[in-house]
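Trainee: For reference, the structure I am asking about is given below.
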Amino acid sequence: MIDRDLVLRAAAALIAAPSENPPDDTRAAAEAATRLLAAIPGLAVTQHTRHEPVRNVVAVLRGARPGRRVVLSGHLDTFPAGDPARWSVPPFASTLRGDRLYGRGAADMKGGIAAAIAVMAAAAERPDFAGELVLALAGDEESMGTAGTQFLLDTVPAVRGDVAIVPDAGSPAVIRFGEKGMVWLDLAAEGKAAHGAHVHRGENAAERLIEAVRRILALRDRAVDVPQPIRDAVAAARPVSERLGGAGEAETLTRITANLGTLAAGISPNLVPDSATAGLDLRLPPGVCTAELIEAARAALADLPGVAMRVRVAWEPTVTDPAHPLFATLRRAAAAALGTEPVLNLRVGASDARLFRLAGIPTAVFGPTPYGMGGADEYVLVPELFAVAEALAAAVRDLLAG
């Protein structure tokens, strides 16, 4: 059984250690996690740093005999808390109101980490299992950086497991077997400044940029050959997934999307701007690779004068076969804890699960529902957090039983 008091104590200790990203300083959160894990008998706990202030933590629990290695993965960094005046509770003090646990990171994902710590403690009480159970806690997730989970995968052998489970924010009603890739593009247009009444003497960079943005946004209309098993899984999950993620999620998961996130040009309405910039976030489903999408973007802009494109981020779509035994095990465990069997689906947003999949490690995302994520009064439902912990513990026992 899971120690529910430990779940709440661990969540409180982690929330009380601010780890906003930016600036991606996870030192206090790493110390809090280290103290919690070091108090569990049998765990070997170490910290790892590529560069400060991104601090990572790895805890290893070895079983009584050889077997598979199961990795639980979490990120210590959170979104910034923003203006405390917008919160009805202190953002860095866990507050219980009925079934709700409030605080920055309560849902994304210090609550999930607290559940994983309780799973480590439960496994330590019954160490007669085969293999190893590893908890890898990293920074640099919110910024999609390489000083967190990627650094651990590259340098800490224990983090390369046979399977991995990420208890990140989502919903326990949906187990995620993959996620879309992403390409972030920066566009910069140059022109010639002039007075707004003398447009014949200038070249408007903003107008050039508008045309460039229009062409990039048109890439979302490209046909995509999503593999049929993935289309089938998304369609089967739709009744549950869209109830949680909003109508249209299934379509979003199976096509290219493009979001114009930033746009800047000019200093006055009566001046022709000589420079303009934009930032776009493109997400691509399985069936499209980043090189293909980037080449299409370059081709779309090829005949536009004065416009330059830079690729800031490029991550491939990642998928673990939904038929992998990991998902059957996790679904059984979740059904027992929740009273209903979760569906399998892709994840709309990105997570560190992609890094495990890119390393060839079968990976599932299974965590609590986030409320207020990224905004004020973030919270997680405590009964749901307990259910996630129970399901993870049962799945871990099954995976390490061989």
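The values are calculated or read from the model by the stated rules, or taken from the named source; none is laboratory data. Being a predicted model, the structure only gives us computed values, none of them experimental. Positions of Cβ are backbone-derived with ideal geometry, glycine not excepted, and every protein chain shown enters the neighbour counts. Heavy atoms of the whole protein, side chains included, go into the accessibility calculation; ligands, DNA and RNA do not. Shrake-Rupley method; radii C 1.70, N 1.55, O 1.52, S 1.80 Å.
Trainee: Ordered by residue, what ³J(HN,Hα) values in Hz, to whole numbers, does the range 22-33 give under the Karplus form 6.51 cos²θ - 1.76 cosθ + 1.60, where θ = phi - 60° and Gly and Pro are x?
Mentor: Couplings: x, x, 6, 9, 9, 4, 5, 5, 5, 5, 5, 5 Hz.
Trainee: Can you give me the distance in nm between label points at Arg65 and Arg4, each placed 7 Å from the Cα along the Cα-to-Cβ direction?
Mentor: Rounded to a tenth, the inter-label distance reads 3.5 nm.
Trainee: What is the local net charge at Gly148, summed over the other residues whose Cβ is closer than 9 Å to its Cβ (Lys, Arg +1; Asp, Glu -1)?
Mentor: Net of charged neighbours comes to -4.
Trainee: Let me ask something else about it. Would you report the distance distribution of C-alpha pairs in the range 1-62 as whole percents per 5 angstrom bin, up to the bin with the largest distance?
Mentor: That works out to 4, 18, 24, 24, 18, 8, 4, 0, in percent per bin.
Trainee: Further, regarding this structure: Helix 4-15: angle to the longest alpha-carbon principal axis of the chain, degrees 0 to 90, nearest 10?
Mentor: Compared with the principal axis, the helix lies near 30 degrees.
Trainee: Could you provide, to the nearest whole Å², the per residue accessible area of the range 281-336 with probe 1.4 Å?
Mentor: Values: 2530 Å² over 56 residues.
Each residue of the range 281-336 exposes 45 Å² on average to a 1.4 Å probe.
Trainee: Separate question: With volume of the Cα convex hull per residue in Å³ in mind, check (i) 159; (ii) 128; (iii) 144 and report the label derived from this structure.
Mentor: Correct label is (iii).
Trainee: Quantify, in whole percent, the carbon and sulfur part of the accessible surface of the range 129-201 (1.4 Å probe; protein heavy atoms only). Could you put the intermediate results ahead of the total?
Mentor: Numbers: 1180 of 2210 Å².
Result for the range 129-201: 54 percent of the exposed heavy-atom area is carbon or sulfur.
Trainee: Once you charge only the Cβ atoms, +1 for Lys and Arg and -1 for Asp and Glu, what is the size of the charge dipole of the chain about its Cα centre, to the nearest 20 debye? Walk me through the numbers before you get to the answer.
Mentor: Working: 40 positive and 46 negative charges, 87 e Å.
It comes to approximately 420 debye.
Trainee: If you don't mind, there's one more thing I want to ask. Would you please calculate the Kirkwood hydrodynamic radius of the range 129-202 over all C-alpha pairs and express it in Å, rounded to one decimal? Don't skip to the end; give the middle numbers.
Mentor: On the way: mean 1/r = 0.0575 Å⁻¹.
Roughly 17.4 Å, rounded to one decimal.
Trainee: Round to a whole number: what % of the accessible area of the range 26-85 belongs to carbon and sulfur, probe 1.4 Å? Spell out each step's value before the answer.
Mentor: Details: 1450 of 2650 Å².
Taking all protein chains in place, the range 26-85 shows 54 percent carbon and sulfur surface.
Trainee: Please compute the per residue accessible area over the range 1-56 with all protein chains in place, 1.4 Å probe, rounded to a whole number of Å².
Mentor: Working: 2670 Å² over 56 residues.
Roughly 48 Å² per residue, with all protein chains present.
Trainee: Continuing with the same structure: So, counting K/R as plus one and D/E as minus one, what does the shell of residues with Cβ under 9 Å around Ala158 add up to? Please list the in-between numbers first.
Mentor: Working: positive: Arg69, Arg160; negative: Glu132.
Computed value for this residue: +1.
Trainee: Using a probe of 1.4 angstrom, how much of the accessible area of the range 211-339 is carbon and sulfur, in percent? Spell out each step's value before the answer.
Mentor: Working: 3480 of 6590 Å².
Looking at the range 211-339 in its full context, I get 53 percent from C and S.
Trainee: Full-extension gain between Leu301 and Val199, please, as 0.36 nm times their residue separation minus the C-alpha to C-alpha distance. Can you show the working numbers first?
Mentor: Working: separation 102, 0.36 × 102 = 36.72 nm, distance 2.37 nm.
Here the answer is 34.3 nm.
Trainee: Among Pro383, Met373, Ser351, flag the residue with its Cα farthest along the positive direction of the charge dipole of the range 309-384, charges on Cβ as +1 for Lys/Arg and -1 for Asp/Glu.
Mentor: With unit charges placed on the Cβ atoms, the residue in question is Ser351.
Trainee: Hey, with R₀ at 35 Å, roughly what FRET efficiency would Leu244 and Glu292 work out to, going by the Cβ-Cβ distance, to 0.05?
Mentor: 0.70
Trainee: So, one more: Roughly how many Å² is the accessible area per residue of the range 96-149, as a whole number, for a 1.4 Å probe?
Mentor: Values: 1370 Å² over 54 residues.
Result: 25 Å² of accessible area for each residue.
Trainee: Report the full-extension gain for the segment Asp128 to Glu341: residue separation times 0.36 nm, less the Cα-Cα distance, to one decimal in nm.
Mentor: Details: separation 213, 0.36 × 213 = 76.68 nm, distance 2.85 nm.
In short, 73.8 nm is gained.
Trainee: Could you tally the net charge around Val71, taking each other residue with its Cβ under 14 Å from the Cβ of Val71, Lys/Arg +1 and Asp/Glu -1? Intermediate results must be reported in sequence, preceding the final value.
Mentor: Working: positive: Arg62, Arg68, Arg69, Arg160, Arg357; negative: Glu132, Asp162, Asp168, Asp352.
It works out to a net charge of +1.
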